[in-house]
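The values are calculated or read from the model by the stated rules, or taken from the named source; none is laboratory data. What you see is a predicted model; the values in this text were computed from it and never measured. Cβ placement follows ideal geometry from the backbone for every residue including glycine, while neighbour counts extend to all protein chains displayed. When the accessible area is computed, the model is the full protein with side chains, heavy atoms only, and any ligands, DNA or RNA have been set aside. Shrake-Rupley method; radii C 1.70, N 1.55, O 1.52, S 1.80 Å.
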Amino acid sequence: MTATQLTVADLGPDRRRHRTQRRVRTVMMVAAVLSVVISGLILVSLLGETFTFIKGLADTGTWSSLWADGWFPRRGQYSVATLLMGSLIVTLVAMSVAIPLGLAGAIYLSEYARPSVRRVLKPALETLAGIPSVVLGVFALMFISPEVVQRFFEAPQANLAAAGLGVGILTIPLVASVSEDAMRSVPAALREASYGLGARKATTCVRVVLPAALSGLVAALILAVSRALGETMVVAIAAGGSAGALFTADPLRPGTTMTAAMISQAGGTDQVKGDALTFQSLFFVGTLLFAITMSLNLVAGRFVRRFRNVY
Amino acid sequence: MSDEVLATSAPETSVRPPAGESTELPVVFDVDDLSVYYGNFRAVRDVTMEIRQREITAFIGPSGCGKSTVLRCFNRMNDLVEIARVEGRLTYHGVDLYARGVDPVEVRRRIGMVFQKPNPFPKSIYDNIAFGPKVAGLVKGKSETDDLVEHALRRGALWDEVKDRLKDSAMGLSGGQQQRLCIARAIAVEPEVVLMDEPCSALDPVATARIEDLMMELKDDYTIVIVTHNMQQAARVSDRTAFFVTEVNDTSDVRTGVLVEFDATDKIFSNPEDERTERYVTGRFG
């Protein structure tokens with residue numbers, strides 16, 4: 001028998017196809033690297049201007065401006081505490097709305113709603129997520145503030161609470177949708193186990209489904225906090241801190257947040273008015289915001305990894 | 001005189017059992033002409049059988065013949081499927097399980113279930129066992145719960161393996177251990193009946209043997225109904241066997257499960273009435 005000799009080349013790659021593959025790989029890699037490089041450059045410019053700001057304070061010996069009565073960058077008052085407190089208040093108010101409503105919505109959609117109801121409600125919820133935040137900002141100022149906040153409390157029309165409630169409404173779909181995904185990914189076998197032991201629906205939900213979905217729920221929560229911290233428009237419109245704000249820990253006072261403070265200085269022109277450091281102060285706040293949201297995302301990521309694959 | 005009476009009457013009661021049912025164990029489930037529908041599709045029809053106390057009843061038959069569907073009627077697990085519907089009568093100690101006013105939750109506390117794939121909660125071993133009793137309000141306080149957990153784990157033949165790591169996650173146990181945990185979890189609520197839906201199909205032969213031993217032990221206290229793909233398993237553990245097949249309607253291609261034969265396991269495996277049963281148990285069909 002004369003068998004044809006099989007060579008390595010016969011089993012080797014098709015030359016042309018091989019080359020195409022390599023080209024595709026290169027293109028993909030460039031795209032990936034580019035996005036990293038761009039992010040890096042943004043970070044560099046952010047940190048550069050932040051450094052200039054800090055150096056400016058040091059050069060002029062005006063450290064005290066960081067502990068001023070409020071945030072008035074055009075007048076050289078950079079009370080970061082004002083912004084941090086504003087952001088904290090808005091986020092807390094927003095979460096006190098978004099977490100209960102979003103979570104309850106998710107529980108209903110995932111555990112209680114009939115498929116026919118779900119088919120209608122889920123897209124409706126996602127539509128809510130599509131409302132531009134400018135619209136919600138105006139809604140917060142023109143409706144939430146007079147009809148909700150001012151009805152029950154003594155407050156000016158523009159106040160942190162109204163802005164917080166607006167941001168909360170904005171965040172509900174995010175909380176609901178991420179939590180619902182987390183709960184639906186809990187295997188049906190666990191629900192069956194619970195029902196098989198004579199547990200009712202509510203018990204099954206609270207004691208089996210929610211704990212099993214914990215990592216997803218925490219992720220939803222942290223994402224929501226991130227979103228609320230980063231929300232700009234609603235606060236800029238409804239919180240009343242467009243020119244700056246005095247320090248306050250009272251949600252019923254006007255105030256401003258990190259993001260709203262930035263937009264009110266930077267809006268519309270390429271020149272930020274004010275004295276020398278006003279422009280750089282924006283980057284300083286930006287760096288602060290970046291650090292906070294990034295640590296939140298890291299914590300969220302760790303949480304998700306720690307609790308993943310438990311079932 | 002009285003001696004004579006004793007002498008003549010005593011042997012009569014002990015040697016020759018009175019006719020009919022009275023020697024047999026009491027009936028737990030009386031199933032009469034049961035059909036199960038999913039929407040308009042009739043998945044199983046005409047199931048008639050009696051399940052007796054402290055016996056193991058096995059359901060065998062080829063895939064898709066409705067064994068599990070019938071089993072899931074016994075504790076109303078089919079209620080979780082929105083479109084499922086039951087016709088015919090299914091009584092539990094004389095009470096129609098599908099009567100108005102019967103709460104499936106109450107039913108499931110008396111009739112526990114073990115599933116095909118071990119499904120422990122992603123909680124500790126201890127919390128898995130304590131879940132049912134706590135939900136049912138059977139236990140108060142820690143020491144009572146501790147006792148019950150230990151009792152259930154001993155009953156589930158798992159205590160010795162896990163007693164030093166009760167607080168560890170149940171997900172760290174092997175498949176066989178997880179399934180024994182699920183059995184222990186089911187009997188922790190002190191049910192009368194334990195339904196087992198192919199409890200060994202995800203396990204290796206050694207783990208399977210342990211579960212079978214466990215079933216034989218549990219039989220003293222519980223009524224067990226088991227669905228199994230494994231005919232030898234049915235032959236080994238069960239007292240009675242129900243054989244199901246799928247009937248295919250030639251014109252509409254609708255597949256309906258049907259009960260072919262229900263009898264003592266010995267009879268089903270040695271001398272069945274129905275030809276289809278014989279072909280199945282001898283391995284010539286299915």
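With a cap of 11 neighbouring Cβ atoms within 10 Å, and only residues DSSP puts in a loop, list the GluC sites (Glu not before Pro) found in region A:95-196. Display every interim value, and only then the final one.
Working: sites: A:Glu111, A:Glu126, A:Glu147, A:Glu154, A:Glu180, A:Glu192; in loops: A:Glu154.
Of the GluC sites (Glu not before Pro), the ones in loops of region A:95-196 whose Cβ has at most 11 other Cβ atoms within 10 Å are A:Glu154.
Below 8 Å, C-alpha to C-alpha, sequence gap of six or more: please give me the relative contact order for chain B in percent.
Numbers: 509 pairs, mean separation 68.3, N = 286.
Averaging sequence separation for qualifying contacts and normalising by length gives 24 percent for chain B.
Calculate the spin-label point distance for A:Ile54 paired with B:Asp221, positioning each point 7 Å from the Cα along the beta-carbon direction, and give it in nanometres.
The two pseudo-label positions are separated by 6.8 nm.
Taking the Cα centre of chain A as the origin and placing charges on Cβ (Lys, Arg +1; Asp, Glu -1), which of A:Leu46, A:Pro156, A:Gly301 is farthest toward the positive end of the dipole?
Ranked along the dipole, the leading option is A:Gly301.
How are the alpha carbon pair distances in the protein assembly as shown distributed across 10 Å bins from zero to the largest one, expressed in percent?
P(r) for the protein assembly as shown, in whole percents per bin: 3, 13, 17, 16, 13, 13, 12, 7, 4, 2, 1, 0, 0.
Placing +1 at every Lys and Arg Cβ and -1 at every Asp and Glu Cβ, with all other atoms neutral, what dipole size does region A:1-116 have around its Cα centre, in debye to the nearest 20?
720
Give the angle, between 0 and 90 degrees and rounded to the nearest 10, that separates the Cα long axis of helix A:214-230 from the longest principal axis of the Cα atoms of chain A.
Tilt relative to chain A: about 40 degrees.
When only alpha-carbon atoms count, how far does region B:224-278 stretch along each of its three principal axes, as whole angstroms with the largest first?
Result for region B:224-278: principal-axis Cα extents of 39, 22, 15 Å.
Which values of log₁₀ I(q)/I(0), to two decimal places, follow from the Debye formula for region B:176-286 at q = 0.14, 0.23 Å⁻¹ with a uniform point scatterer at every Cα?
With no solvent term, the Cα-only Debye profile gives -0.65, -1.27.
Relative to the compact-globule scaling 2.2 N^0.38 Å, provide the ratio for the alpha-carbon radius of gyration of region A:148-238. Walk me through the intermediate numbers first.
On the way: Rg = 18.3 Å, N = 91, 2.2 N^0.38 = 12.2 Å.
Taking N as the residue count of region A:148-238, the ratio is 1.50.
Take the Cα pairs of region A:176-280, get the Kirkwood Rh, then feed it into Stokes-Einstein at 37 °C and 0.692 mPa s and tell me D in µm²/s.
189
Magnitude of the Cβ-charge dipole of the protein assembly as shown, K/R +1 and D/E -1, about the Cα centre, nearest 20 debye?
The calculation lands at about 3100 debye.
Determine how large the accessible area of B:Tyr98 is when every protein chain is in place; take a 1.4 Å probe and give Å² rounded to the nearest 10.
Ignoring ligands and nucleic acids, B:Tyr98 comes out at about 70 Å².
Setting aside same-chain residues fewer than 8 positions from B:Lys117, which lysines have a Cα under 26 Å from its Cα?
A:Lys201, B:Lys67, B:Lys134, B:Lys163, B:Lys167, B:Lys219
Accessible area of B:Glu198, 1.4 Å probe, to the nearest 10 Å²?
20
Which whole number gives the average count of other chain Cβ atoms within 10 Å of the Cβ atoms across peptide B:109-118?
Per-residue shielding by partner chains comes out at 3.
Leaving out ligands and nucleic acids, note down the accessible area per residue over region A:98-202 with a 1.4 angstrom probe, in whole Å².
45
By the scheme Lys and Arg +1, Asp and Glu -1, what is the net charge of all other residues having a beta-carbon under 15 Å from that of B:Lys142?
Net charge in that neighbourhood comes out at -2.
Where does the charge balance sit around A:Phe247 when Lys and Arg score +1, Asp and Glu -1, over other residues with C-beta under 15 Å from its C-beta?
0
Report relative contact order for chain A in percent, whole number only (criteria: Cα-Cα under 8 Å, sequence separation at least 6).
26
Counting C-alpha atoms alone, how compact is chain B: give Rg to one decimal and Dmax as a whole number, in angstrom.
Just the Cα atoms of chain B yield Rg and Dmax of 20.9, 74 Å.
Which value results for Rg/Rh of chain A when Rg is the Cα radius of gyration and Rh the Kirkwood radius based on the inverse mean 1/r?
On the Cα set of chain A, Rg over Rh gives 1.14.
I need the calculated FRET efficiency for the pair A:Leu66 and A:Thr26, taking r as the beta carbon distance and R₀ as 51 Å, to the nearest 0.05.
That gives a FRET efficiency of 0.60.
How charged is the neighbourhood of B:Pro104? Take every other residue with its Cβ under 9 Å from the Cβ of B:Pro104, and add Lys/Arg as +1 and Asp/Glu as -1.
So the environment of B:Pro104 carries a net charge of -1.
As an exercise, find the ratio Rg/Rh for region A:196-238 from alpha-carbon atoms, using the Kirkwood inverse-distance average for Rh.
1.32
Apply the Kirkwood formula to region A:39-124: the hydrodynamic radius equals the inverse of the mean of 1/r over all pairs of different alpha-carbon atoms; give it in Å with one decimal.
One over the average 1/r among Cα pairs gives 17.1 Å for region A:39-124.
Cα axis of helix A:278-307 to longest principal axis of chain A: angle in degrees, 0 to 90, nearest 10?
40
At a probe radius of 1.4 Å, figure out the A/B buried accessible area, summed over both chains, and give it in Å² to the nearest 100.
Interface between A and B: roughly 1900 Å².
Students often check this: by mean Cβ neighbours within 10 Å, which of A:96-105, A:280-289, B:161-170 ranks highest, and how do the rest follow?
A:280-289, A:96-105, B:161-170
Compute the helix-to-body angle for A:115-129: its Cα long axis versus the longest principal axis of chain A, expressed 0 to 90° and rounded to tens.
50
Please give the solvent-accessible surface of A:Met29 in Å², to the nearest 10, using a probe radius of 1.4 Å with every protein chain present.
100
What is the average number of partner chain Cβ atoms found within 10 Å of a Cβ in A:197-207?
Shielding by partners across A:197-207 averages 6.
Once you average over the residues of A:184-196, how many Cβ atoms of partner chains fall within 10 Å of each Cβ?
Average per residue, whole number: 6.
Can you tell me the convex hull volume per residue for region B:171-215, based on C-alpha atoms, in Å³ to the nearest whole number?
Given the Cα convex hull of region B:171-215, per-residue volume reads 71 Å³.
May I ask for the longest run of chain A untouched by trypsin sites (Lys or Arg not before Pro) that are loop-located per DSSP and have at most 10 neighbouring C-beta atoms (other than their own) within 10 Å?
A:1-272
Working only with C-alpha atoms, what are the Rg and Dmax values of region B:19-99, expressed in angstrom?
Cα-based Rg and Dmax for region B:19-99 come out at 13.3, 45 Å.
Tell me the Rg and the Dmax, in Å, that the Cα atoms of region B:92-227 produce.
In Å, with Rg to one decimal and Dmax whole: 14.7, 46.
Taking the solvent-accessible surface of protein heavy atoms with a 1.4 Å probe, what is the per residue accessible area of chain B in Å²?
Result: 47 Å² of accessible area for each residue.
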